[in-house]
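Nothing in this text is a laboratory measurement; each read-out follows from the coordinates by a stated rule. All values derive from a computational prediction rather than experimental measurement. Cβ sites come from the backbone with ideal geometry, for glycine too, and all protein chains shown count toward neighbours.
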Amino acid sequence: MIDRTRQIIIITLAMIAGLCNCALGGKSLRATDFTVLDRPANTMMSDYLTAMIDEQFAKRAMLLSGLKTTEDWDRHAAFIRDSMAAWTGSFPERTPLRARVTGRISRDKYTLEKILFESRPNFLVSANIYLPKNHSGPCPAVLNVIGHSPAGKAAEKVQRRAIAQARKGFVALVVDCIGQGERQVEDYARVSKPPGNAHQIVGTQAFLAGTHIFNFMAWDVIRAVDYLVSRPEVDPKRIACTGCSGGGMMTTYVLAFEPRITVAVPACNPCTWSHRVHANLGTDHEQVFFGAFAAGIDPRGDPLFCHVPGPLLINATTDDNLNPPSGVWELSTWLYKAYSAHEAPHKFQTTMVKAPHGYNKEQREVAYSWMLKWLGGDVFDFWEGEFPVEKEEDTWCTDKGNVYREPHCRKPHDLVLEYLEAHRPRHGKARSDLYASIKEVLCLKDSVQIPTAEVGTSWSKAGMKLTPVVIEPEKGIVLPAVWIESPQKQAAGPIIVYLNDKGKSTLANEEIILRILLDKGCRLFAVDLRGTGETAPGMEGKFWDFLAGKPIFGQRVADVRTVVQWLSRSGGDDKKVYVWARGISATYAAVAAALERNIAGMVLEEPLLTFEDIVTTKVPAYRHEIILPGVLERFDLPHIYQALCPMSVTLINPVAGDKSPVSRDQADEVYQQVSDTYKSLGKPDNWSVQTNLEDGARSQAVLSALQ
């Protein structure tokens, strides 16, 4: 039941809206009234990031072209290895594998054993090992890592690969990676398909906490090698690794960490990232490392330099829609030079079968030939042959087909939470330390330059004066904006910057609030941050910003600072600038305000409660737009709000990591220190958190805070 106060608010606002409409003959603002640019700018962010990455890859090419000797290439490989180790983070100590065989299937030429082992205590990895029959002495082994196959080790193409390897005298081990096969996380089923859903969710949480999902996945593979060398059937000096797509990625990346792999056959993955950028391609969380391009490293293929001069076959296809052949050949050229410098060009080869992205029979036979050549065996026995495969459930290592239903089995999310608990800041931060942390995590400059701006011709609509403005904070970026003023009232009130994730055109839906603010003498400046509104999309899902070392979060925070600086100059030094922001833009604005002292107050609608809440919730709703690597090792949003004190700050309807509404009790608990800080400085009324407001109550809260 609506209380009396709220009824009065709703009725009053409705009357104001009716009077405004009558006075204007029914005219009102439309979203199109906020269009500023004379042509679409939907490629702005793509063009901007592509230009940045092209420059970074030109520097990488210069670096590689200067490598001539064996020592040069070895030094560069060590640099790649050290960089990968720093980005991945420290691996845990080796603990007992506690491996056990849960079942066996005997066939004419091989035996399939179903294996469970613990890569970390109570963190189960499901695997199948195929043991060749009628082969005496320790055999060479092949570790098969799998790409984005929901069925994991049970997928038909994977089974065929492993069976064929065993029939040729190899011990073949196939492991399920996080999110696939028997390691699918049921909580993520409603988000997207496995295993990508797990990589996306756990990957986001790991980045914020300060770790990397690749750390978890690579350690599983390293421990799989531990398991292989523990088997008496395996020759530990003859181990190959192969996989396709995401499995090709793991085959490539793990080479920086696992010297026991003597032969590598990555399929349909090694490429040159700049070619992927020009093909408008993105990737997954486990395949990216922050600032790699800026450091001169292409993680898509450069870890292969760590394997030189070991036998390496890049197993590619002509019609791979994820790895442009031109990028494969460019990478191959550099690798050939590295192998030649080591006097081992015969140990490197790139093959390109006429086929789409995948690991088809012809590709597999090419791989068998390469493995037989370098691991031993009949080099002419590379044909796969025909044979049956097992039903999926017959490959299961667990009774119910999911390791997370086993007693005491930990999930990937548990690893993130453990890292968070061990690495979060344990005390408040001095303002100077916080400012330094913000700039470092967001990759921001110490100050912003006053941008150039083009102010257009004003026009009238619905009794308001609208003036288009285009701000250019840096080359290649424009921020379209609109001044909204009252033609009758003198602008004696503050300037209010309006930000919304969906763009400035959403202000057309706030006409009641807008008219009341204009009547009070306020001026509003509605602006699209880069990659929003007229300049969307922001390319967040591609990870180009991440790899280039310039996160979109930091870019947009810089935009807020730039806009405020420009307004402070153009509006006069005596004008106060307030910010009214909604969604993740509210979080951008709050962080900007901690650095930009020209902001006098803020109204933040539906702001994120804390970064930590994204990490602790089972299934967060935030994605790339929120990713800041290691932010929770340095600060969280309550630290930001404390730094804003005594600025007037009103939070309206904050949301949790899954974007569900936050209760008043939860907000009070999270922001207790912030509230105490405001009280200690004698400004308790300048801090306000209002939850679960709807309709008129929400509008009234915005108006009360801005007037």
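The table below gives the values:
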item: By average C-beta atoms within 10 angstrom, highest first, the peptides 246-255, 111-120, 393-402; result: 246-255, 111-120, 393-402
item: Whole-Hz ³J(HN,Hα) from phi, Karplus 6.51 cos²θ - 1.76 cosθ + 1.60, for region 169-174, glycine and proline x; result: x, 9, 7, 10, 10, 10
item: Sequence-separation-based contact order of the chain, relative, with Cα cut under 8 Å and 6+ spacing, percent; result: 14 percent
item: Low-density loop positions, GluC sites (Glu not before Pro), region 596-686 - DSSP coil, at most 10 other Cβ in 10 Å; result: none
item: Exposure proxy order (Cβ contacts within 10 Å, fewest to most) of Lys504, Lys439; result: Lys439, Lys504
item: Phi to ³J(HN,Hα) by Karplus 6.51 cos²θ - 1.76 cosθ + 1.60 over region 602-609, Hz, x for Gly, Pro; result: 9, 10, 10, 9, 6, x, 4, 4
item: Out-of-range pairs (alpha-carbon distance over 18 Å; input Lys133/Lys153; Lys237/Lys361; Lys520/Lys576; Lys489/Lys520; Lys618/Lys659; Lys153/Lys400); result: Lys133/Lys153; Lys237/Lys361
item: Rounded to 5, the percent of DSSP beta bridges in the chain classed as antiparallel; result: 45 percent
item: Region 199-294 - Kirkwood radius from inverse mean 1/r over Cα pairs (Å); result: 14.7 Å
item: Amide H contacts under 5 Å for Ile652, placed H, 5+ residues apart; result: Leu604, Glu605, Glu606, Gln690
item: Cα gyration tensor category, rounded, prolate or oblate, for region 332-471 with a/c compared to 1.5; result: prolate
item: Computed FRET value (nearest 0.05) for Glu386 with Arg94, which takes r as the C-beta separation and R₀ as 41 Å; result: 0.50
item: Percentage of interatomic Cα-Cα distances in region 426-706 larger than 37 Å; result: 9 percent
item: Whichever lysines have a C-alpha closer than 25 Å to that of Lys68, once near sequence neighbours (fewer than 8 apart) are set aside; result: Lys59, Lys337, Lys347
item: Centroid-to-centroid separation of region 534-606 and region 387-421 [C-alpha atoms, Å]; result: 42 Å
item: Relative exposure of Arg431, Arg60, judged by other C-beta atoms within 10 Å (fewest first); result: Arg431, Arg60
item: Pairs of alpha carbons in the chain whose separation is greater than 33 Å (percent); result: 55 percent
item: Region 534-543 - phi-based ³J(HN,Hα) in whole Hz, Karplus 6.51/-1.76/1.60, Gly and Pro as x; result: 5, 9, 5, x, x, 6, 4, x, 8, 6
item: Sequence-distant residues sharing a close amide H with Ala621 (under 5 Å, placed H); result: Asp658, Lys659
item: The chain: angle of helix 412-423 to the longest principal axis, Cα-based, in degrees nearest 10; result: 60 degrees
item: Aspartates and glutamates with Cα under 14 Å of Lys168, excluding same-chain neighbours fewer than 8 positions away; result: Asp108, Glu365, Asp378, Asp381, Glu384, Glu386
item: P(r) tail fraction, region 59-423 - alpha-carbon pairs more than 26 Å apart, %; result: 47 percent
